[in-house]
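The structure under discussion appears below in the form of structure tokens.
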Amino acid sequence: MSEIDNLLTKKVADRYLKREVLGEGTYGVVYKAIDTKTNQTVAIKKIRLGKQKEGVNFTALREIKLLKELKDPNIIELIDAFPHKGNLHLVFEFMESDLEAVIRDRNIVLSPADVKSYLQMTLKALAFCHKKWVLHRDMKPNNLLIGADGQLKLGDFGLARIFGSPDRRFTHQVFARWYRAPELLFGTKQYGPAVDIWGAGCVFAELLLRRPFLQGSSDIDQLGKIFAAFGTPKPAQWPDMVYLPDYVEYQYVPAPPLRSLFPMASDDALDLLSKMFTYDPKARITAQQALEHRYFTSPPAPTNPASLPRPPRKGESIPKAPEINPTDGPTVLSPPRKLRRVMPNRTDGNEENVHNADKFDDHVGEGRTAGATSSRNDSVPMSIDFSVFGSRPPPRPTINR
Ligand SMILES: Nc1ncnc2c1ncn2[C@@H]1O[C@H](COP(=O)(O)OP(=O)(O)OP(=O)(O)O)[C@@H](O)[C@H]1O
């Protein structure tokens, strides 16, 4: 270990008091910690650097420096970044909850004004970053975190670009497919901010429906679901489509009226939704244009973030949900969010698995509270979701192409 690494090692031990594991994502384990310098609670994301054992590469460090400068009320602040024991540690402001928990919580009623508020904050985050030429590339409700003041903040910004596209071989990571733009599914190499708008459109749809909108079981099936919802695109609608690397011709299906998919949405909401789901990325609405759409100026006004309904904070017990009668119609019955993510036994030689919380860094574990990971091994039912088209969805996807 180099002298610099040694200094940085000391820094983590000195400055951050590690608490419980919050979960594990695509890039590694996330744990709660106290910043002893500021007394602030933070979330530290430990990123496995894989083969780059010699240290963090300079491009990544440069990119991270840029991320640290990406400051906006709707972007999670990257407070600090340092390498330690061959992993890169990113320190973020701690967030109490996320939008996936809001959507899933059946004790929460989301009014049209609440949905508008959540979408507005999402689009503000995207508009800010797109203006700075930073793409998110991994839009989904659990990357939209919610702070103590009700503010929604976009997290994981730019990580996909810095650390490469996440390896989504593991079951718990493939849910992101449901938010992928058609140009990505057709293998485009050149994409832009429009991919984030498509993802934000899927989140908007999910807020309206209270369940994921387009739940494909493979990339091909994902495109099938998209085309069943919006009609198979004609070349005139999206001229570049046929030149995309993975383009395959799909049987033509006409689009059902959008209203039939979103019976409760206002006309303005439907109009904005259709513009976010425009096939041709060049013609898709931008984040800034979306914020200027009349949906945001027509009543009801977006709910003030402090008044938005919120799920219990992380670590608080979730009230028992009412019994579900399977004949009651479309309902989402998901186990607590991280539990629905099935972790296959890993054989990649990396022991940093949440099931192995005790194996975390020895010297910073003093403050860890017990029980944070225990529930992860409990047996839980898989989600019961009903697809947009009334039938049961295919089994949870397991492999991306
Ligand atoms: N800033 C934060 N504050 C509080 N909890 C966080 C924060 N960032 C992440 N977490 C929690 O840590 C866990 C892992 O998060 P992470 O962002 O690594 O992955 P993910 O979003 O769950 O999945 P993916 O990596 O596939 O996007 C989740 O439970 C998440 O809610």
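The values are calculated or read from the model by the stated rules, or taken from the named source; none is laboratory data. Computed from a prediction, not measured in an experiment: that's the story for all the values here. With ideal geometry, Cβ positions are generated from the backbone for all residues, glycine too; neighbour counts draw on all protein chains shown. Side chains are part of the model used for accessible areas, which takes the heavy atoms of the whole protein and leaves out ligands, DNA and RNA. Shrake-Rupley method; radii C 1.70, N 1.55, O 1.52, S 1.80 Å.
Accessible area per residue, 1.4 Å probe, Å², for the range 97-305: what's the number?
39 Å²
How large is the dipole of the range 97-305 about the Cα centre if only Lys and Arg carry +1 and Asp and Glu carry -1, each at its Cβ, rounded to the nearest 20 debye?
Working: 24 positive and 21 negative charges, 30 e Å.
My answer is approximately 140 debye.
Can you work out ³J(HN,Hα) from phi for every residue in the range 228-237, in order, using Karplus 6.51 cos²θ - 1.76 cosθ + 1.60 and θ = phi - 60°, giving whole Hz and x for Gly and Pro?
Result, rounded to whole Hz: 5, 7, 10, x, 5, x, 8, x, 5, 6.
With viscosity set to 0.890 mPa s at 25 °C, what whole-number translational diffusion coefficient in µm²/s follows for the range 97-305 from Stokes-Einstein and a Kirkwood radius over Cα pairs? Display every interim value, and only then the final one.
Numbers: Rh = 17.5 Å.
Value of D from the Cα-based Kirkwood radius: 141 µm²/s.
Roughly how big is the range 99-139's charge dipole about its Cα centre, with Cβ charges of +1 (Lys, Arg) and -1 (Asp, Glu), in debye to the nearest 20?
Numbers: 7 positive and 4 negative charges, 43 e Å.
Using only the charged Cβ atoms, the result is roughly 200 debye.
So if I take the centroid of the Cα atoms in the range 57-111 and the same for the range 276-317, what is the distance between those two points in Å?
Centre-to-centre (Cα) distance: 19 Å.
Just list whichever of LYS46/LYS124; LYS140/LYS234; LYS116/LYS275; LYS45/LYS189; LYS46/LYS68 have alpha carbons separated by over 26 Å in the model shown.
Working: LYS46/LYS124 28 Å; LYS140/LYS234 28 Å; LYS116/LYS275 16 Å; LYS45/LYS189 28 Å; LYS46/LYS68 16 Å.
Exceeds cut-off: LYS46/LYS124; LYS140/LYS234; LYS45/LYS189.
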